[in-house]
Amino acid sequence: MALNKRKIGLSTLEITPLIFGGNVFAWTLNEAESFAILDSFVDAGFDAIDTANNYPHWVEGRKGGESESIIGNWIKARGNRDKIVIMTKVGGRFSYAEKHNIQRSHIMEQVEHSLRRLQTDYIDLYQTHYDKEETAVEEILRAYEELIKQGKVRYIGASNLTPERLVESLDVSAEKNLPAYISLQPEYNLYDRAKYESLYKNVVSEKQLGVIPYYSLASGFLSGKYRSAEDFSKFARGEGIFKKYWNERGQRIVKALEKVSAAHQTTPSGIALAWLLAQDTITAPIASATKDKHIQSFVDAVTLQLDDETLATLNEASAY
């Protein structure tokens, strides 16, 4: 299937309108399973994969970097590097005992590890995963400038920056003629709306950044598998999701998704992602999949055109 591509911000970097979240590689999927789901993803017409240099460090027995290695092995096996947009990140910690690090020396060291694991000469979008405000913005941007000049990075993006640091970074880029972030990767979904909409939406609109939200399905809460309180005990992460989301508002959202997905003959996942794509500042949501049927929800999401009445139903259910 040929999918329409979207530019990320004001850049020339184009991607299909949904990004595969690589946090599941070497966590809930082994390498063979990861290869199979990536094959299904690209066969459906998609082309962008997001990961980080420290995924999945939180899994017992993992050091971090295994996700990048699986992606690199898959790209080598398929010989498709020129058809895939690779997004990865730097700045996150590799254990809960560590601190985030975005110093120049750390960036320059970590990019080499990422390139080696990904088995590529360049990264399409290299993102500041976590900020460390003791590190000067200019130091971070000059490290990225060097990597872009070396051809190892094409574009840069930001993730977990405060609105103030994001604006400062963009201002310093303009003032000193340094590379500028073209994207923001925030937490944003039908449930988690308030932070992005109140703190970031105006900034990204004014600065014309692409927005590629993570947790697009709220850690699976919006996928349709949690329809009653009893359902949470069936899944490994169910207890934490129950505590965060299963309140009056969360239940209202689940009911609205069930109603709308039935009307459109698709899944709650497809509707939740389509809702994101209907938001005027969103370029492409990041979502993970572990089964082929999840990929069909991705296809439904990017081909659905939710009408005003449907969007109003979802907005009302998720009002905060």
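Each value in this text was obtained by applying a stated rule to the coordinates, not by laboratory testing. Just so we're clear, the structure is a prediction, and the values are computed from it rather than from any experiment. Cβ: placed from backbone, ideal geometry, glycine included. Neighbour counts: every protein chain shown.
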Point to revise | Computed lengthening from Phe94 to Glu168, 0.36 nm per intervening residue step minus Cα-Cα distance | key: 24.0 nm
Exercise for review: First select every other residue whose beta carbon is under 15 angstrom from the beta carbon of Gln251; then total the charges, Lys and Arg +1, Asp and Glu -1.
Suggested key: +3
Exercise for review: Check cross-link reach from Lys7 to the lysines: straight Cα distance under 19 Å, and skip same-chain residues fewer than eight apart.
Suggested key: Lys83, Lys201, Lys207
Review point. Going by alpha carbons, how many degrees (0 to 90, nearest 10) lie between the helix axis of 163-176 and the longest principal axis of the chain?
Key: 40
Exercise for review: Grab the beta carbon distance between Tyr122 and His264, set R0 = 35 Å, and tell me the FRET efficiency rounded to 0.05.
Suggested key: 0.35
Practice item. Give me the angle, in degrees from 0 to 90, between the Cα long axis of helix 268-277 and the longest principal axis of the Cα atoms of the chain, rounded to the nearest 10. Key: 50
Practice item. Compute the separation of the alpha-carbon centres of the range 255-320 and the range 57-105 and state it in Å as a whole number. Key: 28
Exercise for review: Report, for the range 9-185, the % of DSSP beta bridges that are antiparallel, rounded to 5.
Suggested key: 0
Revision key, fill the gap. Length gained, Lys132-Gln103, 0.36 nm per residue minus C-alpha separation, equals 9.6 nm
Point to revise | Alpha-carbon gyration tensor eigenvalues x 5, square-rooted, for the range 9-185, Å | key: 26, 19, 14
Review point. If you bin every alpha carbon distance in the chain into 20 Å steps from zero, what whole percent lands in each bin?
Key: 33, 60, 7
Practice item. Step through the table entries Lys5/Lys132; Lys5/Lys99; Lys5/Lys293, compare each Cα-Cα distance with 30 Å, and write down the pairs that go over it. Key: Lys5/Lys132; Lys5/Lys99
Review point. Taking the alpha-carbon centroid of each part, what is the distance from the range 129-184 to the range 1-42 in angstrom?
Key: 24
Review point. Net charge near Tyr196, counting Lys/Arg +1 and Asp/Glu -1 over other residues with Cβ under 13 Å of its Cβ?
Key: -1
Check your understanding: For the peptides 196-202, 255-261, what is the packing order when you average, over each peptide's residues, the other Cβ atoms within 10 Å and list the highest mean first?
Key -> 255-261, 196-202
Exercise for review: Pop a pseudo-label 7 angstrom from the Cα along the beta-carbon direction at both Glu187 and Ala229 and give the gap in nm to one decimal.
Suggested key: 2.4
Study note, to complete from the structure: As a Kirkwood estimate from alpha-carbon pairs, the range 112-241 has a hydrodynamic radius in angstrom of 16.7
**Study point:** Peptides 206-218, 91-103 ordered by average Cβ neighbours within 10 Å, highest first
**Key:** 206-218, 91-103
Check your understanding: Under 12 Å from a point 7 Å along the Cα-to-Cβ line of Glu139: which residues of the range 81-106 have their amide N that close?
Key -> 101-106
Exercise for review: With everything on Cα atoms, drop me the angle between helix 104-118 and the longest principal axis of the chain, reported from 0 to 90° to the nearest 10.
Suggested key: 60
Exercise for review: Evaluate the Kirkwood expression for the hydrodynamic radius of the range 1-65, namely the inverse of the mean inverse distance over all pairs of different C-alpha atoms, and round to one decimal in Å.
Suggested key: 13.2
Check your understanding: For Lys234, which lysines qualify as cross-link partners when the Cα separation must be under 16 Å and same-chain residues fewer than eight apart are set aside?
Key -> Lys225, Lys243
